[in-house]
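Each remark here refers to the structure printed beneath this line.
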Amino acid sequence: MAELLTVVVIMAVVAVMLAALAVRWLIVICPPNQIAVITGRTNELPDGKTIGYRVLRGGRTMRWPIIERVQFMDLNTIAIEVSVTNAYSKGAIPLNVQGIANVKISSRQGLLENSVERFLGRSAEYIPQLAKETLEANLRGVLATLTPEEVNEDRLKFAQTLIDEADDDIKTLGLELDVLKIQNVTDEVGYLDAVGRRQTALVLKEARVAEALRETEAEEEEADARKRAEIARVEANLKIVERENELRVRRAELESIAVAKEQEALVEADRSRVVAEQELEKQRIELQTHRLEADVIAPARASRQAQQLEAQGAAAPIIEDGKAQIEVYRRLVSEFAEAGDDASQIFVLRLLPEIIDRIVSTVEGVSIDKVTVIDSGGNDSIPGLLGQLPATVIKLTEQIENATGVNILSGLGTVVDSAEAPPAE
């Protein structure tokens, strides 16, 4: 039983090993820094072209044992030293150029087929040698288009020009040029040394000229600095004088303002004093007015009112008498209106005593003690005087008539006639 179990285990282990070998034989695993070229069957590309292999870039795939064969190509970068000697540059100057280039097999679509066709199965030294020869040939071609100065002074431009020149050739081979740097440029005829000495002399000359210019510029700048300093000092003094003038003006303005304020204060004080005096005078006037009101006006007003009252008391009888006379006159007028045509004669008779009294009163002041009449025998004698009396009386009655509109003589005649006439039966 133990022997049978041992045999079974051994057979199982063998089976597993055979299975592992079968899997390893059937599965192809490609790392990322390599490409696997599987040949033995025809494959069709996307552009319709048929090839007898297929390419695996990283990953895994299945293969048919015995029918298909697997080969690997490295994608690692290959460093190549590029150097040329006595390569003529523009101007027929031979130059020695040394550089370094980094190339690798291209894994790009379209270039990978070129690299497979050219480098599959080749030794590791074949690719660097082919790339070196190609780059050196391109380097000689580029040197023929550049002067030694351009090659030596602008090596970046020189390297870029070489890359542009060699790129098509390198891609045709199925390679990629990653980096190309120029390390050294020399010549065996001493041209670059002469150029260097000339450049050195030119640089020294320019340095001396520049130094002289700098010294001159330094002196000019120093003179300008002194000038600017002097101008600044003068301007500063001028500004100081201006500030002092402004200060004096400001001080004068402040003093004038202070004087004006002082004057205003004095004027305000005088005005306040005048206002106070006016107010005091007003108070005095009011006091005097009150005093005058109390001492003079009030007594005068009281006296006037008393006089008015006395006048009213005195005028009361007169008013009453006037009212009585008006009543009498009213009644007389009424009686005269009732009397008719005899009213005027009655009115004249009532006024006759008063008229005679007024006439007599005109000669009250005349005192006749004695009248002497001298008869001269003419018209001016006593008979003449007596003859003038009627005319005088008549003239007096005419004046009364002119003054009152009443003919006294006619009224008297009417009265006498009425008195003498017999009474009517």
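Length gained on full extension, Thr42 to Asp169, computed as 0.36 nm times the residue gap minus the Cα-Cα distance: 42.8 nm.
Ordered by the count of other Cβ atoms within 10 Å of each Cβ, fewest first, Phe119, Phe72, Phe158 give Phe72, Phe119, Phe158.
In order along the stretch 233-243, the Karplus-derived 3J(HN,Hα) couplings, from 6.51 cos²θ - 1.76 cosθ + 1.60 at θ = phi - 60°, round to 5, 4, 5, 5, 4, 4, 5, 4, 4, 4, 5 Hz, and Gly and Pro are given as x. One Cα centroid belongs to the stretch 239-315, the other to the stretch 78-144; the line between them spans 122 Å. For the stretch 32-42, 3J(HN,Hα) computed residue by residue from phi via the Karplus equation (6.51, -1.76, 1.60; θ = phi - 60°) reads x, 9, 9, 10, 9, 9, 9, 10, x, 10, 7 Hz, glycine and proline entered as x. Cross-linked pairs Lys90/Lys157; Lys90/Lys181; Lys205/Lys227; Lys157/Lys205; Lys104/Lys132: Cα-Cα separations exceed 23 Å for Lys205/Lys227; Lys157/Lys205.
Working note: Karplus 6.51/-1.76/1.60 with θ = phi - 60° gives the stretch 292-297 the couplings 5, 4, 6, 8, 10, 5 Hz, where Gly and Pro are set to x.
From least to most packed, judged by other beta carbons within 10 angstrom and beginning with the fewest, Ser107, Ser334 follow the order Ser334, Ser107. Binning all Cα-Cα separations of the stretch 2-72 at 10 Å, short to long from zero, yields these whole-percent fractions: 18, 35, 23, 13, 9, 3, 0. Residues Thr134, Thr186 in ascending order of nearby Cβ atoms (within 10 Å, fewest first): Thr186, Thr134.
Taking amide H as placed 1.01 Å from N in the peptide plane, Ser106 has its amide H under 5 Å from the amide H of Leu175, Glu176, each at least 5 places away in sequence or on another chain. If the chain linking Thr147 and Leu26 were pulled fully straight, counting 0.36 nm for each residue of separation and taking away their Cα-Cα distance, it would gain 37.6 nm.
A short reminder: the numbers here are calculations on the coordinates, not readings from a lab. Remember, predicted model here, so these are calculated numbers, not experimental data. We place every Cβ from the backbone using ideal geometry, glycine too, and count neighbours over all the protein chains shown.
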